[in-house]
Structure formats: C-alpha cells, structure tokens
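The values are calculated or read from the model by the stated rules, or taken from the named source; none is laboratory data. This is a predicted model, so every value here is computed, not measured. When we count neighbours, we look across all protein chains shown, and the Cβ atoms used for this are built from the backbone with ideal geometry, even at glycine. Just so you know, the surface numbers come from the protein's heavy atoms only, side chains and all, with ligands and any DNA or RNA stripped out. Shrake-Rupley method; radii C 1.70, N 1.55, O 1.52, S 1.80 Å.
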Amino acid sequence: MDSREYRNCMGRFATGVTVVTCKTDNQHHGITANSFTSVSLDPPLVLVSVDRKAKAAQHLHTKPFTVNILASHQEDVAMHFAGRPKEQEPFSWTEGEHSVRFEESLAFIECTPWAEYDGGDHIIFVGKVENFEYQGKDALIYYSGKFTSLVSQASLENVSK
C-alpha cells in the first residue's frame, strides 16, 4: 500500500482542529491533532491519537490533558503546535483544575488519564472528561491538507441581517 496515497485518502475526511495540552514539571506542552473523538457519554470519555515519535506522546503518558478545539481565527495556534512555532506565542495559557488550556478556544475538554492503547505508529490516549466549556464561534477545519473554516448557521444569520 502506498502510505502517501493512503494519507491523501484519509485527508478527504474533514476534521476539526485541536491542540492537546498538558503540563509537566511546570512546563506547558501541546500538539496539534485532528485525531480526536468522543468515545462514551457514561462515563464521559474522549480519545486523541498521537504519533509515537512526537515529544507530546511522552508528555501525555499518565498526565491529565486538555483538548482545545480551535476557532476559525486560530490557524496560527494550530501551526505553532504543529512544528512551526511563532516568535510570539499566539495564545494565552490558562490553568485549569487538572491541566492547562487556551483562553480563546472554541471549546476545551479537560481530562484525566483513563487508558492508553497501542495504535501502530500512534498511541491512543483515552481521557475521562472532568470539565468542559464551549462558545458560539466558527470552527477551524482541516480538509485535504489545508485549513478552512466551518461557518455556523448563526454566523450566516448575523451576516444577512
């Protein structure tokens, strides 16, 4: 199987963009990830899939983490944590009850570790949702190797007024 073509095929699935954050020894860490999903409502569980070679995989091992769902204006935040850091950080850190997060995100989901699974060249981290919050903004979307945004019906209604 041609792994590049397989990746291109998977890129046809539009996803939201997240940055998964955690804290170790008073340092804040994050990684841009679009492999994120809800797993269970009872108990509330989510999963993120992280490349084994990423430093974040080591940082997330047995640590609480936050999934920050990015708003349409946060492409620079996504790029910062995708290996293209900005000279000046394009976000503000906030201490949560269990982990760190961003103030400006579309939503955040704060988790404590539930389980870790072998996912081939990735590690699947499952977290128990301890806290969450969301806002009515437009979402940052990743599709076919590019960022775009998802415009909500509320945004369209505001434009037409």
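Here is how the numbers come out for the structure above:
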read-out: Cβ pairs under 6 Å, 6+ apart, first in the stretch 1-22 and under 26 Å from Thr66 (Cα atoms) and without any contact (Cβ under 8 Å) to a residue 24 or more places away in the chain, second assigned to a loop (DSSP other than H, G, I, E, B) and open to solvent by 80 Å² or more (accessible area, probe 1.4 Å); value: none
read-out: Residues being farther than 19 Å from Val126 by Cα and in contact with a strand residue (DSSP E or B) (Cβ under 9 Å, 6 or more places away or on another chain) - total across the stretch 12-31; value: 4
read-out: Residue match in the stretch 29-48 (condition: in contact with a His (Cβ under 7 Å, 6 or more places away or on another chain), under 25 Å from Leu150 (Cα atoms) and in contact (Cβ under 8 Å) with a residue 24 or more places away in the chain); value: no
read-out: Residue that is nearest to His122 (Cα to Cα) [pool: residues in the stretch 42-56 that are assigned to a loop (DSSP other than H, G, I, E, B) and open to solvent by 30 Å² or more (accessible area, probe 1.4 Å)]; value: Arg52
read-out: Of all residues in the stretch 97-124 being closer than 21 Å to Ala139 by Cβ, of a type outside the set (Ser, Thr, Tyr) and assigned to a loop (DSSP other than H, G, I, E, B), the one that is least open to solvent (accessible area, probe 1.4 Å); value: Leu106
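Yes or no, residue by residue, for (1) within 12 Å of the chain's Cα centre (by Cα); (2) of a type outside the set (Lys, Arg); (3) surrounded by 14 or more Cβ atoms within 10 Å (Cβ to Cβ); (4) at negative phi:
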{"site": "Thr62", "(1), (2), (3), (4)": "no, yes, no, no"}
{"site": "Thr66", "(1), (2), (3), (4)": "yes, yes, yes, yes"}
{"site": "Ala71", "(1), (2), (3), (4)": "yes, yes, yes, yes"}
{"site": "Phe81", "(1), (2), (3), (4)": "yes, yes, yes, yes"}
{"site": "Arg84", "(1), (2), (3), (4)": "no, no, no, yes"}
{"site": "Gln88", "(1), (2), (3), (4)": "no, yes, no, yes"}
